[in-house]
Amino acid sequence: MRALIVGAGIAGLATALRLHQAGWQCLIAERAPQRRGGGYGVTFGGIGYDGAQNMGILPALRNRAFTTTELAYRRPDGTRRFALTGPTIAATLGKKAFNILRGDIEAVLYDAVEQTAEIRFATTVTAIEQEPDGVEATLSDGSVEHADLLIGADGLHSATRALVFGPEERYRRDLGHRVAVYMMRRPPADLAPGTTGSISSGGRTFAMVSVGDGRAAAFFGYRSDLAPGTSPEELHDVYGDMGWLVPLALEELKSAESVYFDTISQMVVDRWSRGRVVLVGDAAWCVTLFAGYGSSLAVGGADRLGSALQTHPGDIPAALAAWEADLRPEAERKQKLGRRVKGVYAPRNPLLLELTQLPLRLASCKPVRRLIERNLQIEQ
Ligand SMILES: Cc1cc2nc3c(=O)[nH]c(=O)nc-3n(C[C@H](O)[C@H](O)[C@H](O)COP(=O)(O)OP(=O)(O)OC[C@H]3O[C@@H](n4cnc5c(N)ncnc54)[C@H](O)[C@@H]3O)c2cc1C
């Protein structure tokens, strides 16, 4: 069986790995001219953890995990308000979850896939024709490829979805915020290794995150109505009055290697497959960073897709239907969570901000801290 996968992000690479393990041959078309890498720190767990274990990549992922020893909440001028300690953060994460740089998940998957799948960089899909027993796809390099299954793993602004399912606007649900993230060239001197500092004020959040191996990532999340959204340069206007590491991060914006800048939007797609074309990852169900689970769902979803194809040999429609019935409740639960978090994320009103941060402030006090550490660890 042959699969054409569009997109070599976490979802595309994980699907290629799992399908190879199920005996499939995979060709991946990736629009970027080379591997992307970098990114931002994510929490990896849940069905992603189980999927990674099943695919045999969990030890390599764990090797690249980083530990946060302190999460400090600061005022806009940088002075400390309160902080969560390493053990409290670890207790809330649980044993079957860890923090890792997004690009490191991609790197582990790439290493596992590069010998077994063909990856064509600087290539996208331009036309897709469904056939009775397969799919014919025209790629931007001029080639025409036949596959038993075409997998759209090309993210939030998926070209596969646009070609087969219809325009993005039909499925996109904007959550009223925008995000910009990039790696710093070197970790700021004012950020102790292993720590994260965060400022929230006036509908804006800034964080500087130490992501292991002496690397740091700058994160900006803010209400979309604060700026027009035409370019990351608007961060200067939105964050110009903040202190601490904000000026340094803004200075690095100009020279950052790759800046992730987008609206925070969910994809609500009624059915994830049409015939022999299926969407996976953010292209299908983007839950957003508010749910903090997109990488986990991408890996877990890929693993379950491989299992469904193995359980229904020779009957792709049945495999896709079974896979979606199994995975959809988890994706919808996380989308619901994302929409709930949207309501309390970076409030403009200072009183509301205090209220939303009250549980965190309590968790930073010694007696509550001990309780959390003890109780959460017992449950696992
Ligand atoms: C700031 C932030 C924090 C996050 N935190 C977490 C977290 O804590 N936990 C968690 O689990 N998840 C988190 N996520 C979500 C997670 O990063 C994504 O859900 C996950 O990486 C999904 O991967 P994907 O492969 O579906 O999409 P993408 O990563 O978008 O990959 C898509 C790939 O397809 C390529 N592509 C795009 N268009 C085309 C085209 N037309 N043709 C060919 N190739 C194309 C792209 O270049 C890219 O390589 C976070 C996301 C953000 C933005």
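Using the beta-carbon distance between Glu354 and Glu168 and R0 = 51 Å, what value does 1/(1 + (r/R0)^6) give for FRET efficiency, to the nearest 0.05?
On the way: r = 37 Å, r/R0 = 0.73.
In this case the efficiency is close to 0.85.
Please tell me which of these pairs span more than 32 angstrom C-alpha to C-alpha: Lys95/Lys254; Lys95/Lys366; Lys342/Lys366?
Working: Lys95/Lys254 39 Å; Lys95/Lys366 22 Å; Lys342/Lys366 29 Å.
Correct reply: Lys95/Lys254.
Pulled fully out, how much extra length does the chain show between Arg75 and Ser224, if you take 0.36 nm times their separation in residues and subtract their Cα-Cα distance?
Working: separation 149, 0.36 × 149 = 53.64 nm, distance 2.16 nm.
In short, 51.5 nm is gained.
Measuring from label point to label point, each 7 Å out along Cα→Cβ, what is the Leu337 to Glu131 span in nm?
About 4.2 nm separates the two model spin labels.
Per Stokes-Einstein, at 4 °C and 1.567 mPa s, what whole-number D in µm² s⁻¹ belongs to region 202-242, with the Kirkwood radius over Cα pairs as the hydrodynamic radius?
On the way: Rh = 11.4 Å.
Taking Rh from Cα pairs, D becomes 114 µm²/s.
What is the magnitude of the charge dipole of the chain about its Cα centre, with +1 placed on the Cβ of each Lys and Arg, -1 on the Cβ of each Asp and Glu, and no other charges, expressed in debye to the nearest 20?
1720
What helices in the chain pass both tests, a Cα length along the helix axis of 27 Å or more and a mean Kyte hydropathy of -1.0 or higher, using whole DSSP H runs? Before the final figure, lay out each step's value.
On the way: long enough: 316-344 (41 Å, -0.59).
Answer set is 316-344.
Which ³J(HN,Hα) values in Hz, rounded to whole numbers, follow from the phi angles of region 137-152 under the Karplus curve 6.51 cos²θ - 1.76 cosθ + 1.60, where θ = phi - 60° and Gly and Pro get x?
So the J values, rounded to whole Hz, are 10, 9, 9, 5, 7, x, 7, 10, 10, 10, 8, 6, 8, 10, 10, x.
If I model a spin label as a point 7 Å beyond the Cα along the Cα-Cβ vector, how far apart are those points for Glu114 and Ser140 in nm?
That separation, rounded to one decimal, is 2.2 nm.
When the helices in the chain are scored as -39500 (n - 2.57) per DSSP H run of 4 or longer and the sum is shared across all residues, what 222 nm value do you end up with, to the nearest 500 deg cm²/dmol?
Details: 13 runs with 146 residues, N = 380.
Computed ellipticity for the chain at 222 nm equals -11500 deg cm²/dmol.
Which value, in Å² and to the nearest 10, is the accessible area of Lys96 when all protein chains are kept and the probe is 1.4 Å?
Surface open to solvent at Lys96 totals about 110 Å².
Order Lys95, Lys334, most accessible first, counting only protein heavy atoms with a 1.4 angstrom probe.
Working: Lys95 125, Lys334 50 Å².
Descending order: Lys95, Lys334.
Would you mind getting me the FRET efficiency between Arg186 and Glu257? Use the beta-carbon distance for r and R0 = 22 Å, nearest 0.05. Write down the numbers at each step before the final one.
Details: r = 13 Å, r/R0 = 0.57.
Given R0 = 22 Å and the Cβ-Cβ separation, E is 0.95.
Keeping all protein chains in place, calculate the accessible area per residue for the chain (probe 1.4 angstrom), answer in Å². Spell out each step's value before the answer.
On the way: 16570 Å² over 380 residues.
Per-residue value: 44 Å².
Which one, Ala90, Thr123, Gly103, projects farthest toward the positive side of the charge dipole computed for region 80-135 from Cβ point charges (K/R +1, D/E -1)?
Farthest along the dipole direction, towards plus: Ala90.
Semi-axes, largest first, in whole Å: what does sqrt of 5 times each Cα gyration tensor eigenvalue give for region 160-304? Walk me through the numbers before you get to the answer.
On the way: eigenvalues 202, 68, 31 Å².
Semi-axes, largest first: 32, 19, 12 Å.
Rank Pro188, Gly176, Val211 by how far each Cα sits towards the positive end of the charge dipole of region 156-243 (+1 on Lys, Arg Cβ; -1 on Asp, Glu Cβ) and give me just the farthest.
Of the listed residues, the answer is Val211.
Using a 1.4 Å probe and ignoring any ligands, DNA or RNA, find the accessible area of Arg173 and quote it in Å² to the nearest 10.
In the full protein context, Arg173 sits at about 100 Å².
Given +1 on the Cβ of Lys and Arg, -1 on the Cβ of Asp and Glu, and no further charges, what dipole in debye does region 36-94 carry about its Cα centre, rounded to the nearest 20? Working shown, then result.
Values: 7 positive and 3 negative charges, 46 e Å.
Dipole about the Cα centre, nearest 20: 220 debye.
Taking loop as defined by DSSP and a crowding limit of 15 other beta carbons within 10 Å, which GluC sites (Glu not before Pro) in region 214-286 fit? Don't skip to the answer; put the middle values down first.
Details: sites: Glu233, Glu234, Glu251, Glu252, Glu257; in loops: Glu257.
Taking region 214-286 and a limit of 15 other Cβ atoms within 10 Å, the loop GluC sites (Glu not before Pro) found are Glu257.
With only alpha-carbon atoms in the gyration tensor, what are the semi-axes of the equivalent ellipsoid for the chain, in Å, largest first?
Details: eigenvalues 268, 103, 74 Å².
Computed over the chain, the values are 37, 23, 19 Å.
Within the accessible area of the chain, what % is carbon and sulfur when the probe is 1.4 Å and the other protein chains stay in place?
It is 52 percent, rounded to a whole number.
The values are calculated or read from the model by the stated rules, or taken from the named source; none is laboratory data. All values reported here derive from a predicted model rather than from experimental measurement. Cβ: placed from backbone, ideal geometry, glycine included. Neighbour counts: every protein chain shown. SASA here: full protein model, heavy atoms, side chains in, ligands and nucleic acids out. Shrake-Rupley method; radii C 1.70, N 1.55, O 1.52, S 1.80 Å.
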